[in-house]
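Structure first, then comments.
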Amino acid sequence: MTKAPKISFEFFPPKDIEACFSLFETLQVLGDMAPEFVSVTYGAGGTTRELTHDAVALLTRKYGWNVAAHLTCVNATREETLAIAKSYKSVGVNEIVALRGDPPKGQGKFTPAEGGFATSVELIAALKATGDFKIRVGAYPDPHPDAADETSDITWLKQKFEAGADSAITQFFFEPEDFFRFRDRCARAGITGEIIPGILPITSWKGIQRFAASCGTPIPISYEAAFEHSQDHHKLSVDLCTKLCEKLIAEGVEDLHFYTLNRPTLTKAVCANLGVA
Ligand code: FAD
């Protein structure tokens, strides 16, 4: 039996009453686990600014978890963005997932707000200068839709580490080889910082096809046949995700970051298969 991995979870802040119940149920299912950290997203276009703040405050206070609050450059001046970071600090948050972010719906391309941070690297450098946070960033084993060419994601990630990032979490992927290739290319480029694979158990086969296409993440052809013929998508998702994690662990991966989508049962089942209490 391989060594159980260290785990972490990503949650959404709830946008309405129904979503509050989903987060509550998620915490009921995962609340007794001991993740290295949990992270809370910041709505696309900066739409959940207050909700993210309130959710991270509650998770820090009530569960005693080490919380990494997400923060993007979208729709805010530098001063506003740094004020949000300060408000995270004031409720006991010591980690930030620092991102450029996606443009608000309807805007095709990211454009910096007037007086706002123009890139993730600028945001990382400004957060580093505060000396207040461990800084986590995004990384892309499959090319990000904005990558100019094959090497851009790696050279840009290197700049993020040089600007002060402490750790990177990858976009989700389904082929372990994509992660291993990325990890090797990062090492060859001189990146020595921690790179944690982001793991997305498939909660909806239809939904994942749309989502993966928008992120530029390929879905293995074998998945299509498997989901089309399976009568039990829950079991199939757990099996596929467990296999992916086992392959990563077998090649030396020690940390896994689960995108829970506030639907925790798959994550919990995969963790149980991996021997995580
Ligand atoms: P960057 O890494 O800065 O840019 C993405 C890619 O674009 C780079 O790898 C590079 O190839 C290219 N690029 C960008 N700028 C330059 C430049 N100046 N020069 C050269 N190349 C450049 N979105 C949210 O809205 N809220 C969230 O809470 C959230 N959480 C996330 C958590 C994780 C772990 C990940 C991986 C993504 C998350 N996202 C979130 C999505 C993210 O905002 C989008 O993927 C966004 O398009 C890129 O943000 P980034 O900071 O990773 O970008």
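Read-outs: derived from the displayed coordinates by stated rules, not from any lab. Everything numeric here is computed off the predicted structure, so don't read it as measured data. Quick reminder, even Gly has a Cβ in these numbers, built from the backbone with ideal geometry, and neighbours come from all protein chains shown.
With an 8 Å cut-off on Cα pairs and a minimum separation of 6 or more residues, tell me the relative contact order of the chain in percent. Don't jump to the answer; show the numbers that get you there.
Details: 467 pairs, mean separation 56.0, N = 277.
Computed over the chain, the figure is 20 percent.
Just going by the charge dipole of the chain, with Lys and Arg at +1 and Asp and Glu at -1 on Cβ, which of ALA165, ILE195, GLY131 is farthest out on the positive end?
The Cα lying farthest towards the positive end belongs to GLY131.
Roughly how large, in nm² to one decimal, is the mean projection of the convex hull of the alpha-carbon atoms in the chain?
Its average projected convex-hull area is 14.4 nm².
Based solely on C-alpha atoms, express the radius of gyration and the Dmax of the range 1-160 in angstrom.
16.3, 54
Helix-derived [θ] at 222 nm for the chain: sum -39500 (n - 2.57) over DSSP H runs of at least 4, divide by residue count, nearest 500?
Details: 10 runs with 120 residues, N = 277.
The helix-only estimate for the chain comes to -13500 deg cm²/dmol at 222 nm.
Given a Förster radius of 25 Å and the C-beta distance between ARG61 and PHE24 as r, what FRET efficiency does 1/(1 + (r/R0)^6) yield to the nearest 0.05? It would help to have the intermediate numbers written out before the result.
Numbers: r = 15 Å, r/R0 = 0.61.
E(calc), rounded to 0.05, equals 0.95.
Just from the alpha-carbon atoms, what are the Rg and Dmax of the range 73-139 in angstroms?
Considering the range 73-139 through its Cα atoms, Rg and Dmax are 11.9, 36 Å.
Work out the FRET efficiency for GLU162 and LYS243 from their Cβ-Cβ distance, taking R0 = 41 Å, and round it to the nearest 0.05.
0.70
Using DSSP to call loops (not H, G, I, E or B), can you name the trypsin sites (Lys or Arg not before Pro) in the range 98-158 whose Cβ has at most 12 other Cβ atoms within 10 angstrom?
Qualifying residues, ordered by number: LYS105, LYS109.
Taking H as built 1.01 Å from N, whose amide H comes closer than 5 Å to the amide H of ILE169, not counting residues under 5 places away?
Those lying under 5 Å, H to H, from ILE169 are VAL137, GLY138, ALA139, ILE196.
Please get the size of the charge dipole for the range 148-277, origin at its Cα centre, with Cβ charges of +1 on Lys and Arg and -1 on Asp and Glu, quoted in debye to the nearest 20.
320 debye
What FRET efficiency comes out for the pair GLN107/THR2, r = Cβ-Cβ distance, R0 = 51 Å, nearest 0.05? Let's see the in-between values first.
Values: r = 45 Å, r/R0 = 0.87.
About 0.70, to the nearest 0.05.
The range 167-269: Rg/Rh from Cα coordinates, Kirkwood Rh?
My calculation of the ratio gives 0.97.
Place a +1 charge on the Cβ of each Lys and Arg in the range 1-148 and a -1 charge on the Cβ of each Asp and Glu, then give the dipole magnitude about the Cα centre in debye, rounded to the nearest 20.
Using only the charged Cβ atoms, the result is roughly 360 debye.
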